[in-house]
1. Could you work out [θ]222 nm for the chain from helices alone, using -39500 (n - 2.57) per DSSP H run of at least four and dividing by all its residues? Round to the nearest 500 deg cm²/dmol.
2. Test of the criteria: in the range 61-130, which GluC sites (Glu not before Pro) are in a DSSP loop and have at most 11 other Cβ atoms within 10 angstrom of their Cβ?
3. What distance in nm separates the two pseudo spin-label positions at residue 37 and residue 115, each 7 Å out from Cα along the beta-carbon direction?
4. Can you tell me the Rg and Dmax of the chain, counting just the alpha carbons, in angstroms?
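Any read-out appearing in this document is the output of simple, stated calculations on the displayed coordinates, not a laboratory observation. Values in this document were obtained by computation on a predicted structure and should not be read as measured data. Neighbour counts are summed over all protein chains in view; Cβ atoms, including those assigned to glycine, are modelled from backbone coordinates with ideal geometry.
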Amino acid sequence: MVLSFGLALGCAKISLERVALNLMDFRIPDNAGVKVSDQPVVEGGQNAYFSTLPVRPLLKALQDAGIPAQLSLSAGAYLCNQVFYRMMHCIASNGLDIQAGFIHLPAQPEQTATMEKSTPSMGLDLEIQALRIILSTLLKFRQG
């Protein structure tokens, strides 16, 4: 099983991503200063891949524990989506029997404290609790 994580600045909930798109369309440059528009992640690759994680049971487990969480249709078209898409493409292209998915985490309060505009965040303790719930739920599903 492979879990990938990314930062969802401006989001107050943990987002369980459902779809990785074969699309790079950066609204801002990446750390290397590269800005890409309307380009595929993998030339000739599938249009999209779905997460193979049990996202609805994960969502229910998080919400039952009182942790703000949501399903998200896609990881967007920036770097997190690129990681998600390449991971799923590698698994599919190599015929691997691996469950995989991508989860966006909110920024932490320390990351947003100096921003001009008020930005949602989530404390590290709550994110760690959420990750423990996600892992235990996934283990239950693996064991049947």
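1. Numbers: 4 runs with 49 residues, N = 144.
Only helices count here, giving -10500 deg cm²/dmol.
2. Details: sites: 110, 116, 127; in loops: 116.
Those that pass, being in a loop and sparsely packed, are 116.
3. Calculated label separation equals 2.5 nm.
4. Final numbers for Rg and Dmax: 15.8, 48 Å.
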